[in-house]
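Working notes for the structure below.
The values are calculated or read from the model by the stated rules, or taken from the named source; none is laboratory data. Fair warning: this is a prediction, and the values are worked out from it, not measured in the lab. Heads up, the Cβs are rebuilt from the backbone with ideal geometry, glycines too, and the neighbour counts pull from every protein chain shown.
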Amino acid sequence: MRARRLLLLALLLAAATPILARQDSTRMLEEVIVRGRQARQEILPVQLLAGEELRRLGAYSVADAVRYFSGVQVKDYGGIGGLKTVNIRGMGSHHVGVFYDGIELGNAQNGAIDLGRFSLDNMEAVTLYNGQKSAILQTAKDRASASAIYMTARRPSFEASKRYNLNLAIKAGSFSTINPSILWEQRASERLSLSISAEYLYTSGKYKFSYARKNGYDTTETRQNGDVRASRAEAAIHGKINRGEWSAKLYYYYSERGYPGASVREEPGKFKHQDRQWDDNRFLQATLRLHPTARYSLAANAKYARDYLHYLSDPRLDVTTMYVNNHYLQQEAYLSLAHLFSISPRLDVSLANDMQYNTLSADLVDFARPDRYQLLSAATLSIEINRLKLQAGILHVLVSDKARGNANTATKHLFSPSIVASLEARPGVTTRAFYKQSSRLPTFNDMYYTFIGNKELQPEHTAQLNAGVTITRRLRGILLDARVDAYLNRVKNKIIAMPTSNQFRWTMINFGRVDIRGVDLSARLLSRLGEIEIAPRVTYSYQRARDLSDPGSQWYGGQIPYIPRHAASLVAGCAYRSWSFNYSFIYTGERYESVANTPENHAQPWYTHDAGISWTTRAGRAAARLTAEVNNLLDQQYEVVRCYPMPGTSIKIKLNISL
């Protein structure tokens, strides 16, 4: 009942904002588009890929793009169709909040967001924040995660008196990949615009890889059951009202895919996996921003999401598996109100309250069918004294779970303070520091999955300490932006799986503790030599992530799995008239694939080279762009996750037509 009420509030908000727009009769001048990059000074460490730089990467998905951020590890389970989750600064994917157009994407079932499912075709920017956003007017959910990735969809903009934009694109390449997409933007009036986008993706997922039976790569096999058929459709409406703006978005995603599984068999040619998964994801969300006076602003957000998952594993097709045919249905209702009070030009106060309801049903035997109620409240104070900026905040989370067949769990109260400081020591040089605590709730699978879940689990707690400096210099037409951050992260009450008296039956417990110390560096140049524009970007990360869970273990203090000590990336773009060239390089250093840091679990470093070239031509208002890309130029055989081989050299051709 409560979920229905929250959904009703969301629908009323989405329905009421157009009425507000119609009541405003103020006449507006013709819209003028001013293009350029805004120089923003963020208090907290931020990494951004946007506009032309994002498009030149040649990435299929958001997961491919975030690999170029420092401090990020993407767990890739092989190929276009493989699951892709993100770990930032060694704290685990569950501590990463993923936001789409300002509202968080949820997965109460297992807590993981597959970034491989979000295409870049309709994406304007991808941003990564360590800690939280610097903006003071934001939701309480914005402050709840240890780090966050923000995906911003393209917002309609129209040149001169143009009433519509049409963008047609098609990508084709290796592994029988075909990926057409369409984007339509319509200006209904000076204050109202619409956009509709859709795409389809098919890939066979079949690619050659080398397999080491004993020593070295001595066998070549073909990856099987990695096919994907996925469809995405989005419709959005954007409006302006007196002293404010609003928007609403409807999102739909459907896919059927195979999971190729781990390549662990000894006999050549027997890598046969037949697991299948179907996903049906939908959500409706709306936002409203109002600035009634110079001293007060309001932000409202509402969302309803429905996620369906069907997983099938059939031993008649693969004798190594057991029969599983499960169906899951998640639902989420969310409502947020945030207020900003400008006490003076140098003193701001914000208050935010979020309500969220999650439920999960499944056709498993004795499934608990849990419900989760959350109330999040955040208060933030922002002070600016000359060149010194200070922010201090506190987040309170009230959580209550209910599950069938279990006594109601006790209500939990979680408090997470944060403090941020930034000082412009001199023009172009800014130092900063922050301290933040945060918590991540156990997922429904952690607590209630049949025979495994533990309803007594406590939330994981993190503490982050960061200090850094940003240097911005302009010398003889060259713009340099360099950043360095040193950090210390600690995770307590880490949730891990432990065997019980029966090795075939495991359970989840609060046992782990992780200590992470690291350094992130990034530098970006922007230079123009005549008609040639050059824009290289380089990142480097060092992480010492130690497992301190069990002082009695012989592996105490070892590097946690899949976290490399060293990682780096380079992106170099060059544009000349109608031509542009892009080169990218990613390096991931040696790491261990288990908490046991032994030679048997040691993973060799891997690196990839990608390159692409584009040609653009115009005829009146129409423009066409043809791009050719080559990924993994040197055909390196590597694995991001053990026994999940990645593709070798592949090619991709893209044609984009704008009208």
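General remarks:
- Test: residue in segment 379-397 that is out of contact with any helix residue (DSSP H, G or I) (no Cβ under 6 Å at 6 or more places or on another chain), farther than 23 Å from G131 by Cβ and not in a loop (DSSP other than H, G, I, E, B): no
For (1) among the small types (G, A, S); (2) in contact with a Ser or Thr (Cβ under 9 Å, 6 or more places away or on another chain), each residue gets a yes or a no:
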| position | (1), (2) |
| --- | --- |
| A378 | yes, yes |
| G393 | yes, yes |
| H413 | no, no |
| S416 | yes, yes |
| S422 | yes, yes |
| T430 | no, yes |
| Y435 | no, yes |
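Condition check ((1) basic (K, R); (2) at pLDDT below 95; (3) within 30 Å of A233 (Cα to Cα)) across all residues:
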position: G269; (1), (2), (3): no, yes, no
position: D275; (1), (2), (3): no, yes, yes
position: A286; (1), (2), (3): no, no, yes
position: P292; (1), (2), (3): no, yes, no
position: A305; (1), (2), (3): no, no, yes
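- Residue that is in contact (Cβ under 8 Å) with a residue 40 or more places away in the chain, aliphatic (A, V, I, L, M) and under 30 Å from R282 (Cβ atoms), where the choices are L398, L337, L376, L329: L376
- When segment 291-308 is filtered for residues that are within 15 Å of Y251 (Cβ to Cβ), out of contact with any Gly (no Cβ under 9 Å at 6 or more places or on another chain) and not small (G, A, S), the ones remaining, listed by number, are Y304, R306, Y308.
- Residue match in segment 91-103 (condition: at pLDDT below 90, crowded, with 20+ Cβ neighbours inside 10 Å and in a loop (DSSP other than H, G, I, E, B)): yes
- Residue selected from segment 629-650 under the condition in a strand (DSSP E or B) and out of contact with any Phe, Trp or Tyr (no Cβ under 9 Å at 6 or more places or on another chain), by the criterion nearest to W606 (Cα to Cα): N631
Yes or no, residue by residue, for (1) of a type outside the set (A, V, I, L, M, F, W, C); (2) assigned to a strand (DSSP E or B):
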site: A425; (1), (2): no, yes
site: Y435; (1), (2): yes, yes
site: S438; (1), (2): yes, yes
site: P442; (1), (2): yes, no
site: Q458; (1), (2): yes, no
site: H461; (1), (2): yes, yes
site: Q464; (1), (2): yes, yes
site: A467; (1), (2): no, yes
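- In segment 26-79, residue surrounded by the fewest Cβ atoms within 10 Å (Cβ to Cβ) [restricted to those that are at pLDDT below 75 and at positive phi]: G36
- G111, sole failed condition from (1) surrounded by fewer than 22 Cβ atoms within 10 Å (Cβ to Cβ); (2) closer than 19 Å to A233 by Cα; (3) touching a Lys or Arg at 6+ places or on another chain (Cβ under 8 Å): (2)
- Number of residues in segment 485-505 that are at pLDDT 95 or above and either outside any strand (DSSP E or B) or β-branched (V, I, T) (or both): the value is 0.
- Evaluation of E629 against (1) touching a Lys or Arg at 6+ places or on another chain (Cβ under 6 Å); (2) without any contact (Cβ under 8 Å) to a residue 40 or more places away in the chain (one fails), failing number: (2)
- Only one entry of A572, A611, A623 meets the criterion of being more than 27 Å from P647 (Cβ to Cβ), among the small types (G, A, S) and part of a strand (DSSP E or B), and that entry is A623.
- Within segment 354-381, the residues that satisfy the criterion of being among the hydroxyl-bearing types (S, T, Y) and closer than 18 Å to T443 by Cα are Y357, T359, S361, Y373.
- Matching residues in segment 165-196 - criterion: being among the hydroxyl-bearing types (S, T, Y), in contact (Cβ under 8 Å) with a residue 24 or more places away in the chain and over 21 Å from L105 (Cβ atoms): S174, S176, T177, S193
- Test: residue in segment 147-161 that is surrounded by fewer than 17 Cβ atoms within 10 Å (Cβ to Cβ) and farther than 22 Å from W246 by Cα: yes
- Here the strands (runs of 3 or more DSSP E) wholly within segment 209-264 that include at least 2 residues being modelled with pLDDT under 80 and not aliphatic (A, V, I, L, M) are 219-222.
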